[in-house]
There are 2 protein chains.
Amino acid sequence: MGALEDGRFDPEIPAIAIGGKGGELGTGTIEDHVRVLLKGLGEDPEREGLRKTPMRVAKAFRDGYRQKVKDIVQDALFPEAGLDNGTGQAGGAGGLVVVRDINLFSFCESCLLPFSIQCHVGYVPSGKRVVGLSKLSRVADIYAKRLQEPKRLADEVCWALQNSINPAGVSVALQCWHIRFPEVFKCNPNPSHPSRSTMQGWVRTTVCSSTGIFNDKNSSLWDEFHGLLKLRGINLSDAGCSSIHSWCPSMSLDLTECHGNISRSNFPIGKVSSQSAMVAAVSSILQSLGEDLSRKELFGTPYRYVHWLMNFRRSNLDFKQTKFTINSAHSCEKVNGYIHSKDEIHSELNFPFCAQCEHHLLPFHGVVHIGFFHDGPIDRSALQSIVHFYACKLQVQERLTRQIAEAVYSFLAKGVMVVVEANHICMISRGIEKVGSSTATMAMMGQFTTDSTARALVLEAISMSTATGG
Amino acid sequence: MGALEDGRFDPEIPAIAIGGKGGELGTGTIEDHVRVLLKGLGEDPEREGLRKTPMRVAKAFRDGYRQKVKDIVQDALFPEAGLDNGTGQAGGAGGLVVVRDINLFSFCESCLLPFSIQCHVGYVPSGKRVVGLSKLSRVADIYAKRLQEPKRLADEVCWALQNSINPAGVSVALQCWHIRFPEVFKCNPNPSHPSRSTMQGWVRTTVCSSTGIFNDKNSSLWDEFHGLLKLRGINLSDAGCSSIHSWCPSMSLDLTECHGNISRSNFPIGKVSSQSAMVAAVSSILQSLGEDLSRKELFGTPYRYVHWLMNFRRSNLDFKQTKFTINSAHSCEKVNGYIHSKDEIHSELNFPFCAQCEHHLLPFHGVVHIGFFHDGPIDRSALQSIVHFYACKLQVQERLTRQIAEAVYSFLAKGVMVVVEANHICMISRGIEKVGSSTATMAMMGQFTTDSTARALVLEAISMSTATGG
């Protein structure tokens, strides 16, 4: 746990002192604090694409803390006959009810990045009443939308349902996936294609929680809950019931190396750097949400989130200025080559990337495919550098696609075609919650603009690489 | 198209006269009309489980007609640089943008039942601006939540995006699935298990629509849209671009046979039967929503919806009274038998069913598994009859599970265990929209109450039948 374990942070420090000077923390709105983050990334918060970003981010954070479980459940308890005691268990008096495969998203309390959840909830009705099935999902959703780690989320959902429904018992199992970083930025020799498994390479964990009759050693209800999940191919055998706080990949970051200026000894009292202002802003956001900053799990969170964000700091460099490194490229990797008219069409496919959506401050990630006219193969790592350069900032996919095309076209001037395929976490975790959707964008320059056969050949090459495992 | 084609209905009749006496239609709220439907099904609209059903149904219908496309899109148009004319197509000046695999639900205008949609939207930006990606999905959702048939929905989404974004062109492809009925009630010899493919046996169609540059014969954009979909395994080769209004399975119903009293000659002026009151109520609901009842596609809709609903009319019979038909059972189908202690445990699995959720007036469908102690196999069709009897009404899954257990226990008194697995269209299409979720419920009576090994054996048998395609 890096900095958190070696006593550099003192748990006795009052929460108010963590983010910066005493009086600063907690003043201003979440929107104001998000603007501090945008400025820290070298951006102008007033430019068109960013103007409403603070509002969107603040809304997403607040929504999870506004809803109350009682409001949701109290109107959805329905009287339902059960069986006489001794006859059996069914209906409103016993008889397991399980809702499987509820898609959720939550925010990792260690790094503030979203993580993906398949949630399975079971309960045993008692008192001759049952709860509307959708409420099991709604209650899980409330707790998911807060800062969480998997085991804590499972426990909170479990207890909230137990206390609001008063059944004989509740069981919750969560399968969770966390984006892996900073590895996500490295060139992956075996990138997963978004169409097959977007979760490949993510950190995975399974956690369980239970109350009441599910904890009774003489009851087999837990086994039956598990049995009903197995009918959908869900196996809990790897489920841990203890806390696995260190599942977040950011816990392995050595924060003192990355941010020498934020260790306790030289914490920003007086010297307020841009990054420490960002750390203070994140601390203030957490406090505005009512989170307890003295909770040890949250100690490093502002630093880790800022560390993540700083990967996307705006650079004033233009890639065209660094063109010389590309011209010196001379190695070659395997290239799918086509001969078409007088020129050779090449394609270099499946460059992984992770960008940050400028509208929601959330990652979008996927692969870039590049087709080009050239008289020979070119260095794949040069293209990967271009992808990395344009992805690692606050972006929109349309612009990323255009910028990569322009950069490649600057030294492959016969013709370039770029296809970007991405999963947008904002499309999945916020608002519309369209799990499974993905976005593809195209840009064409030079010969590709007029040559539809060339475009079709590149699309065909991408399709083949997808089918054979890219 | 049955009654609609033989001139029994006159398109010149003013809309107001279709549902009943002139003055009746359009008076009262949608909630009032839903209460008429509940009464027509033999239910008491004031009983606890139904009290809020009119409110829920009315909200679901109204929601789709309240939102305006302009409100959604106008705040989400972002300036985005493009390429100089002639250089290429990318960013805010050309360059295809496609969002694939958007899950939607819509309401069939022919029968008012929901149908499931995978929606794919593409557009080519122009005027140096792009639209927020999630808005493509939101606009599609607005039109989906209205009464639709697939081609009309594709056209409306296409034109709404064209008019609100003003891009170079828009393309929409929809893959649609419609529940098949009344076959859904028949005992299916090869029932699909909800964990594998819940859409097996549904009516399927694919439709496309496009505007602007996608319709240009000299452009290959449509091929490229299709090419980007193929990267996700989506094939449009079977897509029709003409209207396929007759895709709804209810169009093959002969309404005059089912409801002799609703042909024009004896339409309810004076003689108001329960069913014609229901037809008038549905007509009033459609009119309240602003639908044009003189549109020929809607002519038979109230009749068809009432016909569907009447499958779920409450029966005052108790299945125990019809027990004699079960005792006379003597044939046998393949049974998975286990010897356990002194009794034989049998399981009869995968009885298909379709019930109507009493909270939302929407189908929930799936399979029932029954385990029992008995000294030999029993007639599978008797068990199917029990499942059918209790499923075909306004139900909740917990009660259905208990009632099947009690009915089977009344003649297999050593012990019965019932597992019901179902997909609830209300969980998928309304409110929380948890696509992919499924609900499992259990009931135990007699020996199964105390014998956890017996319960485990039945769950194991279900699991094996799922794995082997049973």
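The values are calculated or read from the model by the stated rules, or taken from the named source; none is laboratory data. As the structure is a prediction and not an experimental result, all values here were calculated from the model. Here the Cβ is made from the backbone with ideal geometry for all residues, glycine too, and neighbour counts use every protein chain on show. Please note that ligands, DNA and RNA were not included when accessible areas were found on the heavy atoms of the full protein model with its side chains. Shrake-Rupley method; radii C 1.70, N 1.55, O 1.52, S 1.80 Å.
For the stretch B:122-139, the set of residues classified as more than 10 Å from chain A (Cβ to nearest Cβ) and open to solvent by less than 20 Å² (accessible area, probe 1.4 Å) consists of B:123, B:139, listed by residue number.
The criterion of being part of a helix (DSSP H, G or I) and over 30 Å from residue B:307 (Cα atoms) does not hold for residue B:412. Scanning the stretch A:382-412 for residues that are within 17 Å of residue A:357 (Cβ to Cβ), out of contact with any Ser or Thr (no Cβ under 7 Å at 6 or more places or on another chain) and of a type in the set (Ser, Thr, Tyr) returns a single hit, A:390. From the list A:390, A:409, the one residue that fits, being closer than 22 Å to residue B:81 by Cα, at pLDDT 90 or above, in contact with a Leu (Cβ under 6 Å, 6 or more places away or on another chain) and hydroxyl-bearing (Ser, Thr, Tyr), is A:390. Close Cβ contacts (under 7 Å, 6 or more residues apart or on different chains) running from residues in the stretch A:282-299 that are assigned by TED's automatic domain parsing to the domain that holds residue A:148 to residues that are modelled with pLDDT of 95 or more and open to solvent by 10 Å² or more (accessible area, probe 1.4 Å) comprise A:284/A:33; A:285/A:33.
For the stretch B:362-376, check the following and say yes or no: at least one residue is within 14 Å of another protein chain (Cβ to nearest Cβ) and in a loop (DSSP other than H, G, I, E, B). No, because not a single residue in the stretch B:362-376 is within 14 Å of another protein chain (Cβ to nearest Cβ) and in a loop (DSSP other than H, G, I, E, B).
Hey, does the stretch B:30-45 have a residue that's within 25 Å of the chain's Cα centre (by Cα), within 11 Å of chain A (Cβ to nearest Cβ) and crowded, with 23+ Cβ neighbours inside 10 Å? No, there is no match, as no residue in the stretch B:30-45 is within 25 Å of the chain's Cα centre (by Cα), within 11 Å of chain A (Cβ to nearest Cβ) and crowded, with 23+ Cβ neighbours inside 10 Å. Residue count for the stretch B:46-72, restricted to those that are closer than 19 Å to residue B:302 by Cβ and open to solvent by less than 40 Å² (accessible area, probe 1.4 Å): 7.
The number of residues in the stretch B:314-348 being modelled with pLDDT of 90 or more and surrounded by fewer than 22 Cβ atoms within 10 Å (Cβ to Cβ) comes to 1.
When the stretch B:118-151 is filtered for residues that are hydrophobic (A, V, I, L, M, F, W, C) and without any contact (Cβ under 8 Å) to a residue 60 or more places away in the chain, the ones remaining, listed by number, are B:119, B:121, B:130, B:131, B:133, B:136, B:140.
Only one of the numbered conditions (1) within 14 Å of chain B (Cβ to nearest Cβ); (2) open to solvent by 10 Å² or more (accessible area, probe 1.4 Å); (3) at negative phi is not met by residue A:180, and that is (1).
The set of residues in the stretch B:83-101 that are more than 7 Å from chain A (Cβ to nearest Cβ) and in contact (Cβ under 8 Å) with a residue 40 or more places away in the chain contains only B:94.
I need the full set of residues from the stretch A:91-113 which are open to solvent by 10 Å² or more (accessible area, probe 1.4 Å) and of a type in the set (S, T, N, Q), in order please. Across the stretch A:91-113, the qualifying residue is only A:103. The residues of the stretch A:91-118 that are aliphatic (A, V, I, L, M) and closer than 22 Å to residue A:307 by Cα, listed by number, are A:112, A:113. Of note, residue A:452 does not satisfy the criterion of being more than 8 Å from chain B (Cβ to nearest Cβ) and either modelled with pLDDT of 95 or more or more than 22 Å from residue A:389 (Cα to Cα) (or both). Can you find a residue in the stretch A:396-413 that is within 13 Å of chain B (Cβ to nearest Cβ), open to solvent by 10 Å² or more (accessible area, probe 1.4 Å), free of Cβ contacts under 8 Å to residues at least 24 places away in the same chain and on the phi > 0 side of the Ramachandran plot? No, that holds for no residue.
Taking residue A:436 and the conditions (1) open to solvent by 20 Å² or more (accessible area, probe 1.4 Å); (2) modelled with pLDDT of 90 or more; (3) within 12 Å of chain B (Cβ to nearest Cβ), which numbered condition does it fall short on, given that it satisfies the others? Checking residue A:436 against (1) open to solvent by 20 Å² or more (accessible area, probe 1.4 Å); (2) modelled with pLDDT of 90 or more; (3) within 12 Å of chain B (Cβ to nearest Cβ), the one that fails is (2). Scanning the stretch B:415-432 for residues that are more than 7 Å from every other protein chain (Cβ to nearest Cβ), under 30 Å from residue A:142 (Cβ atoms), out of contact with any Phe, Trp or Tyr (no Cβ under 6 Å at 6 or more places or on another chain) and not in a helix (DSSP H, G or I) yields a total of 4.
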